[in-house]
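Worksheet: the structure to be examined is printed underneath.
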Amino acid sequence: MTLLDAATKVRENAHAPYSRFKVGAALRSAEGHVHVGCNVENVAYPEGTCAEAGAIAAMVAAGDRRIAEILVIADSPDPVPPCGGCRQKIAEFAAGDVAVTLCTTDGKSLKTTVAALLPGAFGATHMDRA
Ligand code: THU
C-alpha cells in the first residue's frame, strides 16, 4: 500500500469532533513497514494528539525506530504541514533529508524535508556538556 493510500484510509478513523479537521499520517520505517496514525481529540482540548504523533507511536510500539519517509493528509485548502511539536517528534526519528509529503484530500501535494521543516533543530548534541 502506498503512503498516500494508507494515510487517506486512516484519516477516516480520526476522532475530531471539536475541530472537525480530520488528519491522517502514514510513514514508512527504515525497516520497510508502514505505520499509520490519525488525530485523536479530547474534550479537554490540550489532551488531543496529532496524526503524526499517532503514527510515530505505532512505529515505536511495533519495534521500528527510524522514519524513512512520512506523509500527512487533510481536507485543507493547501497541503497540510505538521505542527511545530510534530516537527520535533518527527526529527527524533528521522534524518534531515527524509522526505515529508504534505497532501490535501483534493489532490494537491508538496514535498519537503525534515530539515526544511525544522531549521536549527534542538538535538542531542546540544546536551553534550550535560
Ligand atoms: N493536527 C494534526 O493531527 N496534525 C497536524 O499536522 C496539524 C494538526 C490536528 C490536531 C487537531 O486535532 C486538529 O488537527 C486541528 O488542529
Angle in degrees between helix 51-61 and the longest Cα principal axis of the chain, rounded to the nearest 10: 60
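Just check region 1-78 against the gyration tensor rule for me: Cα atoms, a ≥ b ≥ c as the square roots of the eigenvalues, rounded for a/c under 1.5, and otherwise prolate or oblate depending on whether a/b exceeds b/c.
On the way: a/c = 2.58, a/b = 1.50, b/c = 1.72.
The shape class here is oblate.
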To test your reading of the geometry: what angle, between 0 and 90 degrees and rounded to tens, separates the Cα axis of helix 84-93 from the longest principal axis of the chain? 60
Which of the chymotrypsin sites (Phe, Trp or Tyr not before Pro) found in region 9-118 are loop residues per DSSP with 16 or fewer other Cβ atoms within 10 Å of their Cβ? TYR18, PHE21
Take every DSSP beta bridge whose two residues both sit in the chain, then give the antiparallel share in percent to the nearest 5. 70
Counting pairs of Cα atoms in the chain, how many percent are more than 21 Å apart? 36
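Could you grab the relative contact order for region 10-82? Cα pairs under 8 Å, six or more apart, rounded to a whole percent. Spell out each step's value before the answer.
Working: 153 pairs, mean separation 24.2, N = 73.
RCO, region 10-82: 33 percent.
Quick note: the coordinates plus some simple rules give every number you see, no bench work behind them. All of these numbers come straight from a predicted model, not from anything done at the bench. Counting neighbours? That spans all protein chains shown, and the Cβs are built from the backbone with ideal geometry, glycine included.
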